[in-house]
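What follows is one structure encoded as structure tokens, with my remarks underneath.
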Amino acid sequence: MVERQNQEIGPKDEAYGHLQSGRARAAATNVFWAGLNGFAPALVAALVFTITSRFLTPSEFGIVALASGIASFASAVAPAGFGQALIQRDVIDRSHVDSVFWLCFGSALVIYTALFLAAPLLAETLGEGGVAVLLPVIGLRVIFDLCAVVPTALLARSMSFRKIALRSAVASVFAGCVCLLLLALGQTIWALAISQLAASFALFVGAAMSARWRPRFTLHRRALRQLARFGGFASGHRVLNQISLDQILIGAILGTAALGIYSFARRVFLILNEVISGGLNNVSYTLLSSLQNERDKLADAFLHATFVSAALSFPLFAGLGSVAPDLVPLVFGAQWISAIPVLQLFCVIGTMTSIGILQGTLINSQGKAGWWLLYMGTKQSLTVAVILAIYPYGITQLMLAIVALNIVLWPVAIWKVLQILKMDAVTYLRPLVAPALASLTMLLMVAYADMFLWPGPHITELAVKVFLGALTYCAVMIALARQDMSRMYNLILARRQSRP
């Protein structure tokens with residue numbers, strides 16, 4: 001590959017531009033599409049996860065999680081954050097796009113080769129022979145994930161989130177079919193491992209086809225230098241998000257059975273979090289990046305996104321935590337009863353994460369990636385310290401300490417958001433009040449439901465509790481936040497009416 005300046009597309013090329021008009025309506029519509037289409041992959045993931053959980057023991061689940069964590073650790077050092085730099089930068093051209101692709105592809109080949117060669121040594125060091133067999137297979141997803149960075153960034157930059165959501169749905173269905181087929185053949189561990197690879201492959205193919213872009217065999221050092229500062233910080237942030245040190249440490253110190261319990265609860269949390277925050281986060285990052293020079297619109301968009309995220313996440317995580325003792329053995333099997341306290345603690349983190357994701361999105365979209373990197377680095381380091389200090393007391397106590405750490409650090413991110421938006425704390429917290437009160441009322445309804453429910457089948461009692469909780473939440477939200485809910489509906493309706 002050589003540097004060729006004469007073939008680059010000029011800065012006025014509109015193929016890679018941010019959306020300039022109707023951004024709020026487009027964002028609302030894209031959140032709607034991302035949420036609607038996001039239910040398909042979430043439902044498939046939940047179905048496959050439920051089925052595999054009934055076949056796998058915590059120890060078997062843990063060995064796959066350990067191999068996956070090592071692969072994520074290796075993948076984290078890749079410069080995938082340059083994809084976010086493509087979204088965040090005001091003007092890009094073809095030279096930026098091609099250069100980032102080849103940077104990611106070359107890094108992927110180096111990382112996978114290192115994983116393949118190190119697998120036997122890692123298995124011996126950890127005392128888990130299965131890692132030597134699983135890692136070379138699971139590690140292949142690194143190549144597909146990094147090759148998808150550029151086409152996914154181009155889709156996000158143009159706010160084509162309907163295509164992204166559809167791609168995710170197809171990939172999830174494909175991975176689910178692969179997993180269920182292997183389960184039918186009796187390959188329980190491989191079903192879980194290969195389905196991860198199948199999902200990455202399908203996501204890459206879908207992104208490449210949707211973006212309708214093909215890389216030229218050129219690498220421009222100038223283009224990479226222009227993206228280097230933000231791309232470097234974003235890549236560092238990705239390192240802290242994806243290194244999975246918690247899984248590796250828990251597996252190495254407490255064993256695969258404890259890791260299986262932790263990973264099971266974490267997997268349920270991640271499925272719900274992706275349904276709620278995945279599409280909203282992707283849409284909001286592009287929208288907030290495009291509003292860097294419009295402070296009033298930026299604040300308004302962020303506060304409304306915060307309300308939407310809280311309105312969806314608070315009841316879901318609070319409700320799951322309240323019915324977990326009934327739900328887990330009924331749906332996943334009695335072997336996962338010991339995971340219930342850990343799952344409930346993950347639900348506490350979930351209520352903060354749904355807001356924290358938007359905080360990180362705002363901070364990064366406004367060019368403060370260095371601050372966010374420092375914040376996440378501090379958080380990750382303290383998490384490691386907590387694990388090393390608390391692990392002798394067991395996985396539940398360890399999880400409780402992690403929750404406490406998240407609560408202590410959360411206000412620091414809030415402070416930075418207030419600084420960026422030049423906003424007072426009361427204004428920032430106002431969108432959270434109605435979802436919090438409605439969720440609390442819902443919890444009280446579920447807690448006292450047993451007092452007036454007729455004894456019946458276990459599944460019937462659970463269904464009634466869920467129905468009463470949902471009904472209570474919706475009623476309180478309509479009473480307290482009618483205006484905010486109407487605003488979201490009107491934005492979507494206006495977008496539809498504007499179409500020919």
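Based only on Cα atoms, what Rg/Rh ratio does the range 307-397 have, Rh being taken as Kirkwood's radius? Can you show the working numbers first?
On the way: Rg = 16.5 Å, Rh = 15.4 Å.
Using only Cα positions, Rg/Rh for the range 307-397 is 1.07.
What net charge is computed for the residues neighbouring A119, neighbours being all others with C-beta under 15 Å from the C-beta of A119, Lys and Arg scored +1, Asp and Glu -1?
On the way: positive: R141; negative: E124, E128.
Around A119, the surrounding residues sum to -1.
If you scale each eigenvalue of the Cα gyration tensor by 5 and take the root, what three semi-axes come out for the range 99-189, rounded to whole angstrom and sorted largest first?
Values: eigenvalues 171, 97, 12 Å².
Semi-axes, largest first: 29, 22, 8 Å.
Each residue of the range 88-101 in order: what ³J(HN,Hα) in whole Hz does its phi give by Karplus 6.51 cos²θ - 1.76 cosθ + 1.60, θ = phi - 60°, with x for Gly and Pro?
In residue order, the calculated couplings are 6, 5, 5, 10, 10, 9, 4, 5, 5, 5, 4, 5, 5, 4 Hz.
Tabulate in residue order the Karplus-calculated ³J(HN,Hα) for the range 427-437, using 6.51 cos²θ - 1.76 cosθ + 1.60 with θ = phi - 60°, rounded to whole Hz; enter x for Gly and Pro.
4, 5, 7, 4, x, 8, 5, 4, x, 5, 5
For L330 paired with L444, estimate the spin-label separation in nm (one decimal), with each label point 7 Å from Cα along the Cα-to-Cβ line.
2.4
For the range 384-417 and the range 205-275, write down the distance between their C-alpha centroids in whole Å.
If we compute the Cα centre of each part, the gap is 21 Å.
Every read-out reported here was derived from the displayed coordinates using simple, explicitly stated rules and does not represent laboratory data. Nothing here was measured: the structure is a model prediction, and the numbers come from that model. Cβ sites come from the backbone with ideal geometry, for glycine too, and all protein chains shown count toward neighbours.
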